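Just below is one structure, and these are the notes that go with it.
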Amino acid sequence: QDAVRCVAVDLGAGSGRVIVAELKDGLIGLTEVHRFTTPLGHDAATGHDVWDSDLIVANVREGLEKAAAIAPVTSVGCDTWGVDFVLLDERREKVGLSVAYRDGRTAGLMDEVFADMPPAEIYRRTGIHFQPYNSLYQLRATAKQHPDWLERARHLLFTPDYLHFALSGEIRNEYTIATTSQLLSLESGDWDGDLLRIAGLKRALMKTPVAPGTVVGEVRLANAARPIKVIAPGSHDTASAVAAAPIASGREAFVSSGTWSLMGIESERAYTGELARRLNFGNEGGVAGTYRVLKNLMGLWLIQRVRKELGDPGFSEVVAAAAAAPAWRTLIDPDDIRFLNPPSMVEAIAAFAAAHGEPAPVGLGAIGRCIFDSLALDYAHVKGELEQLTGQPIDTIRIIGGGSQNALLNQLTADACGVPVTAGPVETSALGNACLQMIALGAMSSLAEARAIVSRSFPLGEYTPKNAVPDAARSRFARLKTAAVAA
Ligand code: ADP
Ligand code: LRH
């Protein structure tokens, strides 16, 4: 069999990478050709935190050219974080700024939206969990703070849609990323007119979403003899990550562990009942008619920020320092909204500890340990919620993404959840992205085959429960969670 080569562009909030995936003799291999820090800046005129979308596009092109310089590639696809978008005017030029989801512009706007449509109705229509940064509330903020942007806009492209447009000149909205907006009807897979109106958006700005695996167009490069197909994968990074995870059954929970920890199950059916809403589980759109019934946990963002504030030690150094620190000493609720974008994460953690009678963690090891212990207990907490929701026990946890390299957190997760943990692959989003392209090209027959190929191609880490978590630590954490619900 001749090798098939696709380029997967995977943009996380931490870093962007351009990766060549090669399928040959029933195995898939990855070669990273370009990596860059995702450019986030502050716009002094508006006070917004913004993505530098021009620099992102320049890096994507640079990566693609590097890939084509090594060997011919057939196609390229992009996946990115959810919810954020770019507006284009009638000349297809950008309107306004690419405001980033952690920007404070949505403060108070969920309540304004709820005055127009009650949350239970929004949830019934969309099946998407409530987060202040969902596109619905970001758009409401845009309508209020920059009405001229929406007046001039003729197209709304989510971040990966924008990259596909920048490469091919074609305008499409892809389904999986569209579901993150909380504007899409769960039932029809198309835009909900009432929610668009509440968001301040005209229907004409939106295209009916295309399925993952759709050929959007092509891109020509100076250093490639033939045009390269542009194929939309599951263009939400979590959709791509879970697509490549060889999930065995509904009893296996995934943790897509990067900047966020997205924890849930893959399911043929959506859960939109009262319990799902109360527990705030979302039903995000997947690549083969499946849903990801999941929650957004604040994840390794906390460690990324702490690391920056404490002199930028490497992740392995952080993990080693945490492993040497006393266990279960300081616990926090990692999902507390104060950790979303505080001026100082170190101070935010200290303040949270003080407010909840936990000892202040001091230094890299203690702070790292506090975060990893708390995340492991958070995973155990969500495992219990998933069991409550589905009425079935969770018997395995599969950790995928960059965070799966954290052996300490993997072991703590097995210990806290009391079930085996499988860790890896690391670049799962890029893999899922490439697999969808391979399926569209006919080089793989189905998602099931793609997952079998991924299983054969990547060795995974295995962790079994080893060390008991003290009951006192579990009850302290449960109290933090109960306090959060009461607040
Ligand atoms: P994103 O796609 O959101 O940018 P990634 O999937 O790249 O995120 O994962 C980034 C996270 O992976 C980092 O926050 C870090 O905690 C973890 N990580 C990266 N490298 C290592 C490593 N060598 N050891 C432990 N953890 C790591
Ligand atoms: C992870 C992720 C997550 C979204 C968040 C904004 O990168 O896509 O699934 O909710 O970013």
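Descriptive notes on the structure:
- Some residue of the range 276-294 being more than 24 Å from ASN410 (Cβ to Cβ), more than 13 Å from the chain's Cα centre (by Cα) and among the basic types (Lys, Arg): yes
- For the range 240-285, no strands (runs of 3 or more DSSP E) sit wholly inside it while including 3 or more residues that are within 16 Å of ligand 2 (Cβ to nearest atom) and among the acidic types (Asp, Glu).
- Enumeration of residues in the range 23-60 that are in contact (Cβ under 8 Å) with a residue 40 or more places away in the chain and either in a strand (DSSP E or B) or of a type in the set (Lys, Arg) (or both): LEU23, LEU27, ILE28, GLY29, LEU30, GLU32, LEU40, ASP43, HIS48, ASP49, VAL50, TRP51
- Contacts under 7 angstrom Cβ, first residue in the range 163-177 being surrounded by fewer than 24 Cβ atoms within 10 Å (Cβ to Cβ), partner part of a strand (DSSP E or B) and of a type in the set (Asp, Glu), 6 or more apart: SER168/GLU218
- Taking the listed residues VAL18, VAL73, the one that is aliphatic (A, V, I, L, M) and within 16 Å of ligand 1 (Cβ to nearest atom) is VAL18, with no other qualifying.
- Screening the range 211-239 for residues that are among the polar types (S, T, N, Q) and outside any helix (DSSP H, G or I) and picking the one that is modelled with the lowest pLDDT gives ASN223.
- Residue in the range 439-462 that is farthest from SER404 (Cα to Cα), counting only those that are part of a loop (DSSP other than H, G, I, E, B) and small (Gly, Ala, Ser): GLY442
- Residues that are of a type in the set (Val, Ile, Thr) and within 16 Å of SER240 (Cα to Cα) within the range 3-54 comprise VAL7, VAL9, VAL18, ILE19, VAL20, ILE28, listed in sequence order.
- Unmet criterion (only one of (1) away from ligand 2 (no atom under 16 Å from the Cβ); (2) in a strand (DSSP E or B); (3) not aromatic (Phe, Trp, Tyr)) for ARG17: (1)
- Test: residue in the range 29-38 that is of a type in the set (A, V, I, L, M, F, W, C), crowded, with 16+ Cβ neighbours inside 10 Å, within 25 Å of VAL287 (Cα to Cα) and within 22 Å of the chain's Cα centre (by Cα): yes
- Any chance GLY104 is crowded, with 20+ Cβ neighbours inside 10 Å and within 16 Å of ligand 2 (Cβ to nearest atom): no
- In the condition set (1) assigned to a helix (DSSP H, G or I); (2) surrounded by fewer than 24 Cβ atoms within 10 Å (Cβ to Cβ), ALA322 is compliant with all but (2).
- Among (1) touching a strand residue (DSSP E or B) at 6+ places or on another chain (Cβ under 6 Å); (2) touching a residue at least 60 places away in the same chain (Cβ under 8 Å) - the single one ALA322 does not satisfy: (1)
- LEU389 being of a type in the set (A, V, I, L, M), in contact (Cβ under 8 Å) with a residue 24 or more places away in the chain, in contact with a helix residue (DSSP H, G or I) (Cβ under 8 Å, 6 or more places away or on another chain) and buried (at least 16 other Cβ atoms within 10 Å of the Cβ): yes
- Residue in the range 463-471 that is closer than 28 Å to ARG338 by Cβ, modelled with pLDDT of 95 or more and either in contact with a Lys or Arg (Cβ under 9 Å, 6 or more places away or on another chain) or not in a helix (DSSP H, G or I) (or both) present: yes
- Applying the criterion of being away from ligand 1 (no atom under 16 Å from the Cβ), of a type in the set (A, V, I, L, M) and at pLDDT 95 or above to the residues of the range 240-280, the residue that is farthest from ARG292 (Cα to Cα) is LEU275.
The values are calculated or read from the model by the stated rules, or taken from the named source; none is laboratory data. Computed from a predicted model, the values in this text were never measured in an experiment. Methodologically, a virtual Cβ is constructed for each residue, glycine included, from the backbone with ideal geometry; neighbour enumeration extends over all protein chains shown.
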